[in-house]
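The values are calculated or read from the model by the stated rules, or taken from the named source; none is laboratory data. Keep in mind that this is a model prediction, so the values were computed, not measured. In this analysis, Cβ positions are derived from the backbone assuming ideal geometry, glycine residues included, and neighbour counts consider all displayed protein chains. In case anyone asks, the SASA skips ligands and DNA or RNA and just uses the protein heavy atoms, side chains included. Shrake-Rupley method; radii C 1.70, N 1.55, O 1.52, S 1.80 Å.
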Amino acid sequence: MEMKNYSVVSEFVLHGLCSSQYLQKFFFVFFSGMYVAIILGNLLTVVTVISAPNLQSSPMYFLLGNLSFLDMWLSSFATPKMIRDFLTDRKIISFGGCMFQIFLLHFTGGAEMVLLVSMAYDRYVAICKPLHYMTMMSRQTCIKLVLISWVIGFLHSISQIAFTVNLPYCGPNEVDSFFCDLPLVIKLACMDTYVLGILMISDSGLISVSCFLLVMISYTAILLSVRQRAAGSVTKALSTCSAHIMVVTLFFGPCIFIYLWPFSRFSVDKLLSVFYTIFTPLLNPLIYTLRNEEMKTAMKKMRNQVVTFH
């Protein structure tokens, strides 16, 4: 069937997180501080990795720097508008702005999922095949892994937006969220979108579940590999991987839940959306830096250099 854009809807009305004026003022201050912390924390991680030669040449930190870069974009696709909307009664987003939010969410989200798989593979090679680590995880390999994550994220996002933008939106335009969430937007089309919705949501669910399984397979292989070694090796492996496993759980958990139950009403979806678009990008730099001596040492050196320069 040929699909054309018969849309007469030029804008969407977002319901936001809540309707209470008092809570919206509180959320404006709270999430403004959170967003500033996200940008500064992840930017600090990127700058630290770039400025420290020992970190820049390390595959793990090269991938970590790219994760922080993606986290800044993931937190920025909707958060600034959500913060601004706390000060307005009518929360409007243009049709083009809505489609761009959907594109950017699935682009950065898909890329980050694949990048987390690459980071799990990096840990597997480092712990299980240490003698071949620098060969298997060369700079060229790391660049290819990052490019693959971006390409997969882009293709996933294009596959979502290509159908969404061409649906006929001819009447209802209220989205019960603080951003244009794909399952909620396609329900507003003036046609039966049940089958199309299942296909599109299955696409997102497939990439989420498959990446999560690949990550868990990598860490299971690590634990099985070190089980027969000395107790110190097991402790070191668990310490190295625990931060990664924590990030993976925090990121994939909400995503998988939302796309396994995509049409549930209110609020669990809203809370989970806040979690993976705001809290996870904030927690990532904290988890990786506070538990990592090399990162903390590099940050201290960079701070001392800045102080000395001034």
- Message: Between S75, S68, S32, which is open to solvent by less than 40 Å² (accessible area, probe 1.4 Å), of a type in the set (G, A, S), within 22 Å of the chain's Cα centre (by Cα) and over 19 Å from L272 (Cα atoms)?
- Response: S68
- Query: Of all residues in region 258-271, which are surrounded by fewer than 17 Cβ atoms within 10 Å (Cβ to Cβ) and either modelled with pLDDT of 70 or more or not in a loop (DSSP other than H, G, I, E, B) (or both)?
  - Reply: L260, V268, L271
- Task: Might you let me know whether region 133-153 holds any residue that is without any contact (Cβ under 8 Å) to a residue 12 or more places away in the chain, open to solvent by 40 Å² or more (accessible area, probe 1.4 Å) and under 21 Å from Y219 (Cβ atoms)?
- Result: yes
- Query: Just for region 204-219: of the residues that are buried (at least 18 other Cβ atoms within 10 Å of the Cβ) and of a type outside the set (A, V, I, L, M), which one is farthest from I152 (Cα to Cα)?
  - Reply: Y219
- L196: closer than 30 Å to L64 by Cβ and either part of a helix (DSSP H, G or I) or open to solvent by 20 Å² or more (accessible area, probe 1.4 Å) (or both), yes or no? no
- Message: For region 50-65, which positions are in contact (Cβ under 8 Å) with a residue 24 or more places away in the chain and either in a helix (DSSP H, G or I) or buried (at least 23 other Cβ atoms within 10 Å of the Cβ) (or both)?
- Response: S51, N54, L55, P59, M60, Y61, F62, L63, L64
- Task: Only residues in region 163-182 that are closer than 19 Å to K91 by Cα and of a type in the set (V, I, T) count as the first member; pair them with residues that are assigned to a strand (DSSP E or B) and open to solvent by 10 Å² or more (accessible area, probe 1.4 Å), Cβ under 8 angstrom, at least 6 apart or cross-chain, and list the lot.
- Result: V175/V13
